[in-house]
Amino acid sequence: ATVTGGLAIRGAFTGALADQIRAADGRTDIYTMFNRAVDNMNTHEQRPEMRITTQKALILPPAVNNTASG
């Protein structure tokens with residue numbers, strides 16, 4: 001998709017951020033995860049921005065596999 005200032009690849013950032021969330025370790029804050037996702041995107045044509053309005057860090061716990069086994 002063409003956007004103001006360049007080209008945006010649909011889903012590039014969403015997939016990169018999803019990878020970071022899946023790798024949550026209970027120690028890494030969401031801001032760091034966001035920046036890693038931006039750095040890991042396959043394109044440099046777009047640069048998502050994040051604004052922080054709180055002074056506390058949001059840290060996600062590790063993902064838990066909730067699938068029933070037999």
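The values are calculated or read from the model by the stated rules, or taken from the named source; none is laboratory data. From a predicted model like this one, the values you see are computed outputs, not experimental measurements. Only protein heavy atoms, including side chains, enter the accessible area calculation; ligands, DNA and RNA are left aside. Shrake-Rupley method; radii C 1.70, N 1.55, O 1.52, S 1.80 Å.
Largest accessible area first, the residues 58, 17 order themselves as 58, 17 under a 1.4 Å probe with ligands, DNA and RNA left out.
Backbone geometry of region 31-36 corresponds, through the Karplus equation with coefficients 6.51, -1.76 and 1.60 at θ = phi - 60°, to 3J(HN,Hα) couplings of 5, 5, 4, 4, 5, 5 Hz, x marking Gly and Pro.
The amide H of residue 60, built 1.01 Å from its N in the peptide plane, has 26, 30 as neighbours under 5 Å, considering only residues 5 or more places off or on other chains.
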